[in-house]
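All of the numbers you see were taken from the coordinates with simple rules; none came from a lab. Predicted, not measured: the structure shown is a model, and the values here were computed from it. All Cβ positions, even for glycine, are placed from backbone atoms using ideal geometry, and neighbour counts span all protein chains on display.
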Amino acid sequence: MRGAGSENPQTDEVLRPIFRAHKADQDPRWRSILLAIFWPGLEGLHHRKRYWDLDPEELWQTLNWCFLKTVCRIDVDLRPARLVQKVINDTAYRLHEDYRRRWDRMDWEVSTEPEVLIELAGGEEDLGYAEVNLRINQEAELRRLRQHLEAGRICETDFLLLVGTRVYGASVADYAKGAGLDYQAAKKRRQRAEAAIRRHEGAEGA
């Protein structure tokens, strides 16, 4: 796969049975395999779109989420050829749509000096710093979860599930649907992952 171009028919011969197997059993290990296969392409896409976000980790997590949504929707019966190009194009499209919504929200924001906001709000304690605090907390939680991922206490699938539901606030049902997971399986997976994290953090604090 790494040595062949996106138009090489041999790449379709490799990917087609993987996508069919994934569609049949929804085993998350297929998504790990696909992530490994497409990793260079995702890195290239991340580099090309690096100016979309000042935080490269945020961009990478969003890109991974868009990739997972893409591979969960591929139907090789509808698109039997040029699957590499289809996956990359659809991932790039979803990434753009995600950031377009963010940019649209930013267009509604009015830039105002902090001192003016404090005065308008009637005091510093009344100011709505929730968005800033949310971003700080999200970044801290992402670092914490990545440490557990890198230490092998949770896997990549668990990490993305926790990021999607705990950090970015998606419901388990919505995340499971987007990632092509069974709801109950996703719920139990999250419980096991969080239990593993609690055991480790509890042992450290003891």
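Using a Cα-Cα cut-off of under 22 Å, which lysines could be cross-linked to Lys188, ignoring same-chain neighbours fewer than 8 residues away?
The reachable lysines, counting only those whose Cα sits under 22 Å from Lys188, are Lys23, Lys69, Lys177.
Give, in nm to one decimal, the length gained when the segment between His96 and Ala151 is fully stretched (0.36 nm per residue of separation minus the Cα-Cα distance).
Numbers: separation 55, 0.36 × 55 = 19.80 nm, distance 3.19 nm.
So the chain would gain 16.6 nm between His96 and Ala151.
Set the Förster distance to 25 Å, then compute FRET efficiency between Gln26 and Glu139 from the Cβ-Cβ distance, nearest 0.05.
On the way: r = 31 Å, r/R0 = 1.25.
The formula returns an efficiency of 0.20 here.
Please list the non-local residues whose amide H lies under 5 Å from the amide H of Ile154, H modeled 1.01 Å from N, same-chain partners needing a gap of 5 or more.
Leu149
Can you give the FRET efficiency to the nearest 0.05 for Arg199 and Asn8, using r as the Cβ-Cβ distance and R₀ = 41 Å? Display every interim value, and only then the final one.
Working: r = 46 Å, r/R0 = 1.13.
My answer for the efficiency is 0.30.
Using each residue's phi in region 54-67, evaluate 6.51 cos²θ - 1.76 cosθ + 1.60 at θ = phi - 60° and report the 3J(HN,Hα) Karplus result to the nearest Hz, with x for Gly and Pro.
5, 9, x, 5, 4, 4, 5, 5, 5, 4, 4, 4, 5, 4
For the pair Leu78/Ile33, report the inter-label distance in nm, with labels modelled 7 Å from Cα in the Cβ direction.
2.3
Rank by packing, highest mean first: peptides 88-94, 12-18, with packing defined as the count of other Cβ atoms within 10 Å averaged across residues. List each step's numbers first, then the result.
On the way: 88-94: 17.3, 12-18: 15.7.
So the peptides 88-94, 12-18, ranked by packing, come out 88-94, 12-18.
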